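**Q** Before we start, here is the structure in question, set down as C-alpha cells.
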Amino acid sequence: MNKKVMFGVLMLVFATVTAIAEEPSTTKVVVINQRNTGVFKVIYQAEQASDVKLTIYNVNGTIVYQERVSETNGFSRPVNFKGMRHGVYTIEVADNQSQRVHRIEYANESIVKNVHVARINETGKYLVAAADQHGEEVNVKIYDGMSNLVHNQNVVLTGNYAMVYNLKGVKGTPTFEVTDNTGNVKTVKY
C-alpha cells in the first residue's frame, strides 16, 4: 500500500509540473509577409507592458537592425528588406518575460518580371511596358538578328510605363534584354 500511495503522489506532482510547464505564454509575436513587397510586418502583443527589443540577424548571425520600444504591451512595425541581400533572416522579439524567434526568407523581388515586351501589329514596332512601378531603374538593350547591339538605354520606371520602339530598319529578328539593378534579366526574342 505504501508503494501505491507513493505512486499516486508522484503522479500528482508530475501532473502539476506538466500543467505549469504547458501554461501558454501571454506574449504573442506574428510576422507577416506583405505580398512579396520586401516588407514584413512584425506584430507584438503582451498582457503586461514592458521594454521590448526587436532584433534582426542575417544568416551569419550579424545584427542588421535593432530597435527598443519602452513600456509597451503591443506594437506593429513594418520592416523593409528592400535593398538587402536575399537569404534567411532571424527576427527576434524579446521582452521581460519571453523571447520569440521567427525565421523568414527574403528574396530580392525582380522588377523585370513585371516588364512585358509585345510585337505591335504595325511592321517593325514593339512595345515595352511595365505597370505600377515606383521609380525602379532598368536597362533596355535591343539586339538585331545577328546579335549586334542596336539600342542601349537606362529607363526609370515610374507609375505605368510604356515605350514603342520602331525597329523597321533592324535586320533579322530582334532580341530584347531588360536588366534590373539587382542583376535579374528578362530576355524576349521574336
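The values are calculated or read from the model by the stated rules, or taken from the named source; none is laboratory data. On a predicted model such as this, the values are computed, not experimentally measured, just so you know. Please note: Cβ atoms are built from the backbone with ideal geometry, for glycine as well, and neighbour counts cover all protein chains shown.
**Q** Scan the stretch 95-106 and give yes if some residue there is of a type in the set (K, R), without any contact (Cβ under 8 Å) to a residue 40 or more places away in the chain and exposed (fewer than 13 other Cβ atoms within 10 Å of the Cβ), otherwise no.
**A** Checking the stretch 95-106: at least one residue is of a type in the set (K, R), without any contact (Cβ under 8 Å) to a residue 40 or more places away in the chain and exposed (fewer than 13 other Cβ atoms within 10 Å of the Cβ).
**Q** Let me ask something additional. Is it the case, given these coordinates, that T55 is modelled with pLDDT of 95 or more, assigned by TED's automatic domain parsing to the domain that holds H86, of a type outside the set (A, V, I, L, M) and assigned to a strand (DSSP E or B)?
**A** For T55, the condition - modelled with pLDDT of 95 or more, assigned by TED's automatic domain parsing to the domain that holds H86, of a type outside the set (A, V, I, L, M) and assigned to a strand (DSSP E or B) - is met.
**Q** Do we find a residue being within 23 Å of G83 (Cα to Cα), touching a Pro at 6+ places or on another chain (Cβ under 6 Å), assigned by TED's automatic domain parsing to the domain that holds E92 and at pLDDT below 90 anywhere in the stretch 30-38?
**A** So far as the stretch 30-38 goes, no, none of its residues is within 23 Å of G83 (Cα to Cα), touching a Pro at 6+ places or on another chain (Cβ under 6 Å), assigned by TED's automatic domain parsing to the domain that holds E92 and at pLDDT below 90.
**Q** Hey, another quick one. Which residue out of Y143, Y161 is farther than 11 Å from T175 by Cα, assigned by TED's automatic domain parsing to the domain that holds G183 and surrounded by 15 or more Cβ atoms within 10 Å (Cβ to Cβ)?
**A** Checking each option against the conditions leaves just Y161.
**Q** Under 19 Å from the mean Cα position of the chain (by Cα) and under 30 Å from V164 (Cα atoms): does that describe G135?
**A** It is true that G135 is under 19 Å from the mean Cα position of the chain (by Cα) and under 30 Å from V164 (Cα atoms).
**Q** Further question: List the strands (runs of 3 or more DSSP E) that sit entirely inside the stretch 69-131 and contain at least 3 residues that are within 17 Å of V42 (Cα to Cα).
**A** It comes to 87-94, 99-106.
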